[in-house]
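The values are calculated or read from the model by the stated rules, or taken from the named source; none is laboratory data. What you see is a predicted model; the values in this text were computed from it and never measured. Here Cβ is always computed from backbone atoms with ideal geometry, including for glycine, and neighbour counts include all displayed protein chains.
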Amino acid sequence: MNVEPSVDAVLSADNHMIHSFIDLDSIKQNNARTVFNRAKGPMVYDSDGRELIDGIGGLWCVNVGHGRPELIEAITKQLETLDFYSTFYNFTHPAAAMLAQKLASLAPGSLNKVYFANSGSAANDTAIRILHHYNIRLGRPNKRLVLSRVGAYHGSTYLAMAMTTPGYSYNWSCASDLVHHLNSPHFWREGKDMTETEFLDALMRDLEENIARIGADNIAAFIAEPIMGAGGVIVAPEGYHKRALEICKANDIKYISDEVVTSFGRLGHFFASKDVFGIEPDIIVTAKGLTSGYQPLSAAIISDEIHEVISRPGGSFLHGYTYSGHPAAAAAANANIALMERERLPEQVRVTGKTFETAMRGLTDLEIVGEVRGSHFMIGIEFVKDRATKESYSAEIAIGNRVCNAAQKRGLIVRPLGNSLILSPTLVMTPELIERTEAILRDSIAEVMAGL
């Protein structure tokens, strides 16, 4: 019989683990860590037995909620049947094959070919490697550069981090020679005295000018999240993605839609590119909600046209991950999609997600809330020292961390990001939980305001 280790034992053992996206010295200095040991539905439970609303959905990903027996049973059954076999060479297995077919049916237009990876970072790397290979096969090896955007987040592998907004690369090296960053599409921060239409026009000029400067013959792809996630939940002006795609097509530049966060119901649809933003990209990258976090799995879904070129005679596809299409991960995704379809979860989110968004936008009546942005269950809240001038708090104030800590004390997990908070809860939030989330945030912000 397994005995759960004590909290002290867990924290002692945890000293050997390197955590992600944190000042590692701060862990050494104050030892402030939260131990979660149980989760159910939209809630998580810490080592003190406290129930907390999972306001970040694990990390953008536990879309169907925690502890769903359908997914657990599907994973268990798969492990009992075929625990692992590689999809290298000509090997396949039912779980991965059926999932690839399902994703092709859900993705828009001609996006019918699927390459599986283990994370959003690896899937974005895969998309770029495929396009490099595609252009080499077409006899244009110089067409390899990537256009990204300030404020983007595309992962933390060596190439994906280069495509991510430069602030994440501070004190780190990455494949920066391959990537050029366009202006941020954050109208509230960057629009200055322009109208939103004028700002959109300026962004498109920036795209066209960079293509002219770099040379379309040198650019393989433009990559964009439909809504920026870890860069601060930034929503581009209406029509941005359609116009950017038109410019890319005119210059023979492939359009990659990074839907690691926005797919599988978070915005009310399985994929947001076509159904929300009206575009059919050349590649869609997905992860997180694909398995609702129950297993690590991601996918790059590519067009028939790209696949036709890379599958021509005369060369091997020399790219691969050992665990690509892992049977248990694919089984989790198949069960996850089936559950979403059976419960009509994306359709439900079109209602409850808007309720959540409306509740969060109501927080703008608080003096330090400068902007609430995002859509459905993907929300960012930015705090300002002066709403009229949009002056930010200094880093030393750590305003995001303060509100985050006050909220956790009251039973809500949110994610701090500088002067902002990010919320990406499970998609099974009830109206009652949405109301409770708003009340906790309101009280937490008020407490921090009183102490400034």
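Name the single residue that is farthest from residue 247 (Cα to Cα) among those in the stretch 181-207 being in contact with a helix residue (DSSP H, G or I) (Cβ under 6 Å, 6 or more places away or on another chain) and surrounded by fewer than 19 Cβ atoms within 10 Å (Cβ to Cβ).
Once the filter is applied, the top-ranked residue is 191.
Yes/no per residue for (1) under 24 Å from residue 289 (Cα atoms); (2) of a type in the set (S, T, N, Q); (3) buried (at least 22 other Cβ atoms within 10 Å of the Cβ); (4) touching a residue at least 24 places away in the same chain (Cβ under 8 Å):
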position	(1), (2), (3), (4)
392	no, yes, no, yes
398	no, no, no, no
403	no, no, yes, yes
417	yes, no, no, yes
424	yes, yes, yes, yes
429	yes, no, yes, yes
433	yes, no, no, yes
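Please specify each residue of the stretch 212-251 satisfying the condition of being under 23 Å from residue 169 (Cβ atoms), touching a residue at least 40 places away in the same chain (Cβ under 8 Å) and surrounded by fewer than 22 Cβ atoms within 10 Å (Cβ to Cβ).
The answer is 214, 218.
Can you tell me how many residues within the stretch 376-403 are under 24 Å from residue 57 (Cβ atoms) and touching a helix residue (DSSP H, G or I) at 6+ places or on another chain (Cβ under 6 Å)?
Final tally of qualifying residues: 6.
With (1) in contact with an Asp or Glu (Cβ under 8 Å, 6 or more places away or on another chain); (2) surrounded by 18 or more Cβ atoms within 10 Å (Cβ to Cβ); (3) over 25 Å from residue 321 (Cα atoms) as the list, and residue 140 as the residue in question, which single condition is left unmet?
In the conditions (1) in contact with an Asp or Glu (Cβ under 8 Å, 6 or more places away or on another chain); (2) surrounded by 18 or more Cβ atoms within 10 Å (Cβ to Cβ); (3) over 25 Å from residue 321 (Cα atoms), residue 140 misses (2) alone.
Just give me the residues in the stretch 21-62 being touching a residue at least 12 places away in the same chain (Cβ under 8 Å), exposed (fewer than 15 other Cβ atoms within 10 Å of the Cβ) and in a strand (DSSP E or B), in sequence order.
37, 40, 51, listed by residue number.
State whether the residues of the stretch 20-28 include one that is among the acidic types (Asp, Glu) and either more than 26 Å from the chain's Cα centre (by Cα) or modelled with pLDDT under 95 (or both).
yes
Looking at residue 314, is it modelled with pLDDT under 95 and either over 29 Å from residue 62 (Cα atoms) or assigned to a loop (DSSP other than H, G, I, E, B) (or both)?
Yes; evaluated as a whole, the condition is true for this residue.
Could you list, in sequence order, all residues of the stretch 149-167 that are surrounded by fewer than 18 Cβ atoms within 10 Å (Cβ to Cβ) and aromatic (Phe, Trp, Tyr)?
The answer is 158, and nothing else.
Among the helices (runs of 4 or more DSSP H) confined wholly to the stretch 171-272, which include 1 or more residues that are within 27 Å of residue 135 (Cα to Cα)?
In the stretch 171-272, the matching helices (runs of 4 or more DSSP H) lie at 196-214, 240-250.
Taking residue 78, is it among the polar types (S, T, N, Q) and within 24 Å of residue 329 (Cα to Cα)?
yes
Test of understanding: among 412, 339, which residue is buried (at least 17 other Cβ atoms within 10 Å of the Cβ), touching a strand residue (DSSP E or B) at 6+ places or on another chain (Cβ under 7 Å) and closer than 30 Å to residue 293 by Cα?
One residue alone meets the criteria, 412.
Return only the number of the condition from (1) of a type outside the set (Ser, Thr, Tyr); (2) touching a residue at least 24 places away in the same chain (Cβ under 8 Å); (3) not in a helix (DSSP H, G or I) that residue 141 does not satisfy.
Result: residue 141 fails condition (2) only.
Which residues, counting only those in the stretch 85-117, are in a strand (DSSP E or B) and of a type in the set (Val, Ile, Thr)?
114
Of all the strands (runs of 3 or more DSSP E) wholly in the stretch 334-452, which have at least 2 residues that are of a type in the set (Val, Ile, Thr) and modelled with pLDDT of 95 or more?
Strands (runs of 3 or more DSSP E) meeting the threshold: 369-375, 378-383.
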